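Novice: Once you've had a glance at the structure underneath, I'll fire off some questions.
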């Protein structure tokens, strides 16, 4: 069976690559239609393989770990390209290929009148390839390959409309911030290689406990002795912070909304940004052994969950609201991993992939209908014109707000509960963050919902004339995503989270002392009673009050917003300024880096080295030559005088060193004797 | 009893005089040449004094060679002076500065 | 102290004073002819000293070669060239302090080095007078033609070269005499050699319409 | 393995003879003849490399394809050629680069075409000679000899400030190599032979080793170039024609690192061990400091030139990390990664940076400017060109899947084994390199089309596409399957590591 899985995996991974190559290199031959047919067809192949693998792995207990080919062999280390197909991978590949296929289809409509149509499909398939490489990796090299690969495509796609200055700026920012994360990540990989002598997952995980027992330490700063595992985990987590947009490396994600909306759905909501979460779950055997790292993960995740969500409340761009929502939800997932509820994190990843892709695609539908207008203040009352979009957006919003029985409820509630039950330091703070976050979540998403679909129509007249529901290629994916957004929570919560032998199998490792989900399993008695039970829990009422506040402020009494913002102007200002991260980065890193570069170039390099040292030595020789030249006056008596001075010096030297005997010898020895 | 030192001091005085002559007569190339001759005379005297007092004939051989070279030098030097005068119509040393850098 | 010694001392000091006096006159005389004559005096006095030092051959050679040949050459040249001597002497006084200073320095340094405590009779005894059968010429010759054979040959070649060089330098060239001004020659620019002349090539040559009409 | 066919000699002399033939075509009225002869010669060179690769025995560190004749008997100088795993890839690199240069300058060079092509073919022969020489004097002759064509190419076909740049380049490089000659002569006196291999077993005291090390350092550091003797490079690159820049970046700089590998490490291992901190610090300065300098550039070529310095910093870092690594882990086998990473970095840098220089040359040929601020929105009229450039920029940034990644990855990973902070500083290039490369890319290729000249641009010609395709293929091939390169290096690197760890006191 493992051979079958291997073959299927190869097809699954390579099909999108082939599609990408076809759309990229042969777009002239294939044309627009041919390109999207080729890529979508190959995506469907990939999806079929993914489903087949999923069935084999989940229901028949199959798995595959092995090398595809040797990438490099150096000394006693080998770097391979290989697959590790287990339960975790199986679930993720379903999510990736499913969302990706839908977004491909959706793009036919969304990108219909764009010049870069085939390029867009090429990028998307390339992205899917890289993402699949990432999740199927059986070693850190391939993980890093996929990790950077998705980063590249993300960069290309954010800057897809390369003539738009903001888009290009956003793409550059995204790449650079991600690179800061990758910087940590590669250090982490280096540490793994150093201390495990391999970068294969299996060997690393197998030896982690031994390394922990041996209490190996590393002296990063002189005098400190930090546990190697902690250093590895923290550096790897820095990578996750970049890719999964955790504070303070989250700044790129809102900017990434400059890309086309399908991309925001696929990359910046459903798949790529969750790579960090996947990595945390994949590395659970390492993270479990370092409480320090878990605390960091938990606190950073929880902080992001609350505070980035609050920024979403003050955004006016519909996509930015959803982007901040993504930040916040990624915070939830990270916090789940920090609380050792990796399964809950991955589960939320999956539900989030569905409802957030749905929200983005619905927002994209709105944006196309509005002729690429994204400002919420110019919408309102859209429900009449686009009913399907309206309904699906509502489903997504409910799922996001964790209203039972939508998918988001099961995953998010599990996270909040897991953080609540966690014993890891920092869990109390984190609990309040994620709890209050559920209010904020409901507030911002329903604020966007009411502003866009209800209330007074603020649509410009000429737009209004063309306002109608999007074509079927766009709403079919919406519905295809709305269904899982509704049901998968109820369907999968038990088998994934609470079942004794969960569907994640042994791909996620949790130490018994941290296993919070096990404790929660006792309280789970079927999806329906769990949903009912929600009515007496805090998160639910926080969410409901969030929805109510949004309704009250944005629909019922829209003017009250003015009053509120004036009342808490300073707080509003902080939120609008996004806590100053952007300004800080711009001033310190962007300008600072450029200034430093300029200083190095103009002062140190050009002035000091090149002008003073290099040209300076040339000038010194010139100066010296000019000095010596001046001595060559051409006057005989100058030369004679110089000789006399030389003689005097010579005589004086003889006197001082008292060598007149030496002088005498010099004169009398026979220089010219013939033997 | 004439000591070696006496001869050497005489040589030194003669040498010093010729140096002073070079400095003083910097414009007159003929006097310059004569000062050089004087200088060589001083050196030769020293050589011969040493040869006598140390009973080593080598000193005299040296003088012999110096005389040879000095004669050649004078001959060439004077020929050059004649040539210079013929070409530039002057032997003023101050006017002969074409070699300056 | 024998009478011979006293006599020797008298001769030495007389000669020494003569040399110094002649030297002063050589450097001080305004007229090169007179300077050359004083130089002759210095040579002759030196020759006396050399004889005192039992270097008869060299003393005689000095007289023959220098007084007889070299100084004559000097006098010829001085007299042959019609030199305006006046401007050359103007700076004499100006450089007097410098000259004296340099001379004093040299004297102090050298006399310090050759002071009697280093080279006095105590250190270097006065050698015995050579016997009557001693021949300076023979001694010198025997060394010169054996040990110093090669240098001697070299010196002779040098002299030959000097003779040829002197003759060829001073030989009046048959060409028309041209004065060299190297300083100006190296500074010559393209513009000095070649002058670009702007000419209106066609306008003036072809008769204009107006001119034709006038006709 | 010895072959009867003198493959290396042919690789050296064929281009030089072809250069002579090209010169006979005369003036620019026969320019096409010159171009075609150059093309044929370089293609033949490339084809000859196929047997070089396939007949190469990867299991032995010995010199292969050996040729050895007495050249100057009186001084024991031999005409000795041979390649091992370290030099063989460099020879192939040279031939590929020449072909790319010929293709890239097909249309861009319009005056003195024959002389231009001849200069680059001579350069190819000399370069192969440098990499294949097994005799110190032969090495030195080629080493200095190749300065002449590159000097001429900058001085004749360069842009405005070319005379300053060419003189600066010449003085810098010449200054260093004079000292190398002294060191070689010293070694010759003690070993009795000019064969480089005869220098290896020589016992030398520490102080002598340090002097020789410094002499070599000055020669090689100028070529690499290492901070602070790097300032000739931006000038030379900026003023050189596109082909000159490519050869400078792809080959000339490699000679420095090759020198370290061939001379410094095996001949004076104790001094290398003693002074490895110096080399590491200089390399890190090159990586971090030069990276920042590159950010501040306003001239595309200059920016790429500085990025070259930063990338070569990685190569030197890889060469000299070995002592720290072995000290930390106690296992010589661990140092393979670092040294092989350095080799891969060198070769990969040749292709990606070379390609970027060709690209800038293409732009310069059309717009006659190199200023970043004069560009903008190039992607719009030239999408194919922009795609190629994106690939090479990504290789420059070190993206996995491209060749630029392999070397950086291996060196960062292995330098962690030696020292945590070295790895941290080296890894900072991930951020810095992407900052300067992509910021430039953004300003040149993205944004609105600001000038009418840009809007009127046509996409690259078929010839340029061919040149870029060759480069892109190699970049991707090395990125996806570096083992094809690593397996060649393995035996020789192992041998070198052993030599570098034998004490010669």
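Novice: Do we have residue D:468 as under 30 Å from residue A:195 (Cα atoms), more than 9 Å from every other protein chain (Cβ to nearest Cβ), within 27 Å of the chain's Cα centre (by Cα) and modelled with pLDDT of 85 or more here? Let's see the steps before the verdict.
Specialist: Numbers: under 30 Å from residue A:195 (Cα atoms): no; more than 9 Å from every other protein chain (Cβ to nearest Cβ): yes; within 27 Å of the chain's Cα centre (by Cα): yes; modelled with pLDDT of 85 or more: yes.
Answer is no for this residue.
Novice: So how many residues does segment B:12-45 have that are crowded, with 23+ Cβ neighbours inside 10 Å, within 20 Å of residue B:64 (Cα to Cα) and more than 8 Å from chain C (Cβ to nearest Cβ)?
Specialist: Here the count works out to 1.
Novice: If a residue must be modelled with pLDDT of 85 or more and surrounded by fewer than 24 Cβ atoms within 10 Å (Cβ to Cβ), how many such residues does segment A:236-249 contain?
Specialist: The number of residues fulfilling the criteria is 1.
Novice: Still on this structure, please answer the following. Could you identify the single residue in A:517, A:496, A:532 that is part of a helix (DSSP H, G or I) and under 19 Å from residue A:61 (Cα atoms)?
Specialist: Numbers: A:517 fails: under 19 Å from residue A:61 (Cα atoms); A:532 fails: under 19 Å from residue A:61 (Cα atoms).
Of the residues listed, the single one that is part of a helix (DSSP H, G or I) and under 19 Å from residue A:61 (Cα atoms) is A:496.
Novice: Now a separate question. Among the residues of segment D:348-360, are any over 21 Å from residue A:152 (Cβ atoms) and either touching a strand residue (DSSP E or B) at 6+ places or on another chain (Cβ under 7 Å) or outside any helix (DSSP H, G or I) (or both)? Write out each step before concluding.
Specialist: Looking only at segment D:348-360, we keep the residues that are over 21 Å from residue A:152 (Cβ atoms), and these are D:350, D:354, D:357-358, D:360.
Then drop every residue that is not either touching a strand residue (DSSP E or B) at 6+ places or on another chain (Cβ under 7 Å) or outside any helix (DSSP H, G or I) (or both), which leaves none.
Among the residues of segment D:348-360, not one is over 21 Å from residue A:152 (Cβ atoms) and either touching a strand residue (DSSP E or B) at 6+ places or on another chain (Cβ under 7 Å) or outside any helix (DSSP H, G or I) (or both), which makes the answer no.
Novice: In addition: Please indicate, with yes or no, whether at least one residue in segment A:77-91 is assigned to a strand (DSSP E or B), surrounded by fewer than 19 Cβ atoms within 10 Å (Cβ to Cβ) and either under 28 Å from the mean Cα position of the chain (by Cα) or in contact (Cβ under 8 Å) with a residue 12 or more places away in the chain (or both).
Specialist: Here is the first cut: in segment A:77-91, the ones assigned to a strand (DSSP E or B) are A:77-85.
When the remaining residues are screened for being surrounded by fewer than 19 Cβ atoms within 10 Å (Cβ to Cβ), the result is A:77-78.
Checking which are either under 28 Å from the mean Cα position of the chain (by Cα) or in contact (Cβ under 8 Å) with a residue 12 or more places away in the chain (or both) leaves us with A:77-78.
Yes, some residue in segment A:77-91 is assigned to a strand (DSSP E or B), surrounded by fewer than 19 Cβ atoms within 10 Å (Cβ to Cβ) and either under 28 Å from the mean Cα position of the chain (by Cα) or in contact (Cβ under 8 Å) with a residue 12 or more places away in the chain (or both).
Novice: Is it true that residue A:144 is modelled with pLDDT of 85 or more, more than 9 Å from chain D (Cβ to nearest Cβ), surrounded by fewer than 24 Cβ atoms within 10 Å (Cβ to Cβ) and over 30 Å from residue D:382 (Cα atoms)? Write out each step before concluding.
Specialist: Details: modelled with pLDDT of 85 or more: yes; more than 9 Å from chain D (Cβ to nearest Cβ): no; surrounded by fewer than 24 Cβ atoms within 10 Å (Cβ to Cβ): yes; over 30 Å from residue D:382 (Cα atoms): yes.
The answer is no for residue A:144.
Novice: Related question: Can you spot a residue in segment D:415-429 that is over 22 Å from residue D:328 (Cα atoms), within 12 Å of chain A (Cβ to nearest Cβ) and in a helix (DSSP H, G or I)?
Specialist: Yes, there is a match, as at least one residue in segment D:415-429 is over 22 Å from residue D:328 (Cα atoms), within 12 Å of chain A (Cβ to nearest Cβ) and in a helix (DSSP H, G or I).
Novice: Closer than 27 Å to residue A:234 by Cα and assigned by TED's automatic domain parsing to the domain that holds residue A:418: does that describe residue A:295? First the steps, then the outcome.
Specialist: Details: closer than 27 Å to residue A:234 by Cα: yes; assigned by TED's automatic domain parsing to the domain that holds residue A:418: yes.
Spelling it out, residue A:295 is indeed closer than 27 Å to residue A:234 by Cα and assigned by TED's automatic domain parsing to the domain that holds residue A:418.
Novice: Do we find a residue being part of a helix (DSSP H, G or I), assigned by TED's automatic domain parsing to the domain that holds residue A:94 and more than 17 Å from the chain's Cα centre (by Cα) anywhere in segment A:327-336?
Specialist: In the first step, residues of segment A:327-336 are kept if they are part of a helix (DSSP H, G or I); the result is A:327-336.
Next cut, assigned by TED's automatic domain parsing to the domain that holds residue A:94 only: A:327-336.
Filter once more, keeping what is more than 17 Å from the chain's Cα centre (by Cα): A:336.
Looking through segment A:327-336, at least one residue is part of a helix (DSSP H, G or I), assigned by TED's automatic domain parsing to the domain that holds residue A:94 and more than 17 Å from the chain's Cα centre (by Cα).
Novice: Just a yes or no: is a residue in segment C:69-87 farther than 30 Å from residue B:92 by Cβ and modelled with pLDDT under 80?
Specialist: Looking only at segment C:69-87, we keep the residues that are farther than 30 Å from residue B:92 by Cβ, and these are none.
Checked segment C:69-87: no residue is farther than 30 Å from residue B:92 by Cβ and modelled with pLDDT under 80.
Novice: Determine whether residue B:34 is at pLDDT below 90, under 29 Å from residue C:111 (Cα atoms) and not in a helix (DSSP H, G or I).
Specialist: Working: at pLDDT below 90: yes; under 29 Å from residue C:111 (Cα atoms): yes; not in a helix (DSSP H, G or I): no.
Judged against the criteria, residue B:34 is not a match.
Novice: Right, another one. Looking at residue D:174, is it modelled with pLDDT of 85 or more, more than 23 Å from residue D:117 (Cβ to Cβ), under 19 Å from the mean Cα position of the chain (by Cα) and part of a helix (DSSP H, G or I)? Outline the logic, then answer.
Specialist: On the way: modelled with pLDDT of 85 or more: no; more than 23 Å from residue D:117 (Cβ to Cβ): yes; under 19 Å from the mean Cα position of the chain (by Cα): yes; part of a helix (DSSP H, G or I): yes.
Criteria not met by residue D:174.
Novice: Which of the residues that make up segment A:119-141 are within 11 Å of chain D (Cβ to nearest Cβ) and touching a helix residue (DSSP H, G or I) at 6+ places or on another chain (Cβ under 6 Å)?
Specialist: Here is the first cut: in segment A:119-141, the residues within 11 Å of chain D (Cβ to nearest Cβ) are A:119, A:122, A:126, A:129-130, A:133-134, A:140-141.
Selection gives A:122, A:126, A:129, A:130, A:133, A:134, A:140.
Condition check ((1) in contact with a helix residue (DSSP H, G or I) (Cβ under 8 Å, 6 or more places away or on another chain); (2) crowded, with 17+ Cβ neighbours inside 10 Å) across all residues:
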position	(1), (2)
A:480	yes, yes
A:511	no, no
A:552	yes, no
A:555	yes, yes
A:558	no, no
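Novice: Something else: Is there a residue being more than 8 Å from chain A (Cβ to nearest Cβ), over 24 Å from the mean Cα position of the chain (by Cα) and surrounded by fewer than 24 Cβ atoms within 10 Å (Cβ to Cβ) anywhere in segment D:390-413?
Specialist: no
Novice: Which one of these does residue A:109 not meet: (1) in contact with a strand residue (DSSP E or B) (Cβ under 7 Å, 6 or more places away or on another chain); (2) at pLDDT below 85?
Specialist: With (1) in contact with a strand residue (DSSP E or B) (Cβ under 7 Å, 6 or more places away or on another chain); (2) at pLDDT below 85 applied to residue A:109, the lone miss is (1).
Novice: Can I ask one more? If I go through segment A:398-445 residue by residue, how many of them are more than 11 Å from residue A:546 (Cβ to Cβ) and assigned to a helix (DSSP H, G or I)? Lay out the reasoning, then the answer.
Specialist: The initial filter retains those residues of segment A:398-445 that are more than 11 Å from residue A:546 (Cβ to Cβ), namely A:398-399, A:404-435.
With assigned to a helix (DSSP H, G or I) added as a condition, the list becomes A:398-399, A:407-421, A:427-435.
Residues flagged as more than 11 Å from residue A:546 (Cβ to Cβ) and assigned to a helix (DSSP H, G or I) within segment A:398-445 amount to 26.
Novice: When you scan segment B:52-69, how many residues do you find that are more than 7 Å from chain C (Cβ to nearest Cβ) and buried (at least 22 other Cβ atoms within 10 Å of the Cβ)?
Specialist: 2
Novice: Step by step: first the residues of segment D:440-458, then only those that are outside any helix (DSSP H, G or I) and farther than 29 Å from residue A:594 by Cα, then the one that is farthest from the chain's Cα centre (by Cα). Which residue is that?
Specialist: The first filter runs over segment D:440-458 and keeps only residues outside any helix (DSSP H, G or I), leaving D:446-451, D:456-458.
When the remaining residues are screened for being farther than 29 Å from residue A:594 by Cα, the result is D:456-458.
Numbers: D:456: 35, D:457: 32, D:458: 31 Å.
So, considering only residues that are outside any helix (DSSP H, G or I) and farther than 29 Å from residue A:594 by Cα, the one farthest from the chain's Cα centre (by Cα) is D:456.
Novice: Within segment A:157-172, can one find any residue that is more than 11 Å from every other protein chain (Cβ to nearest Cβ), under 30 Å from residue A:9 (Cα atoms) and in contact with a strand residue (DSSP E or B) (Cβ under 6 Å, 6 or more places away or on another chain)?
Specialist: No, there is no match, as no residue in segment A:157-172 is more than 11 Å from every other protein chain (Cβ to nearest Cβ), under 30 Å from residue A:9 (Cα atoms) and in contact with a strand residue (DSSP E or B) (Cβ under 6 Å, 6 or more places away or on another chain).
Novice: Does residue D:475 meet the test of being in contact with a helix residue (DSSP H, G or I) (Cβ under 6 Å, 6 or more places away or on another chain) and at pLDDT 85 or above? Spell out how you get there, then give the answer.
Specialist: Numbers: in contact with a helix residue (DSSP H, G or I) (Cβ under 6 Å, 6 or more places away or on another chain): yes; at pLDDT 85 or above: yes.
Yes.
Novice: Can you report the number of residues in segment D:86-108 which are at pLDDT 85 or above and assigned to a loop (DSSP other than H, G, I, E, B)?
Specialist: 1
The values are calculated or read from the model by the stated rules, or taken from the named source; none is laboratory data. Because the structure is predicted, anything quoted here is derived from the model rather than measured. FYI the Cβ positions are ideal-geometry reconstructions off the backbone, even for glycines, and counts take in every protein chain you see.
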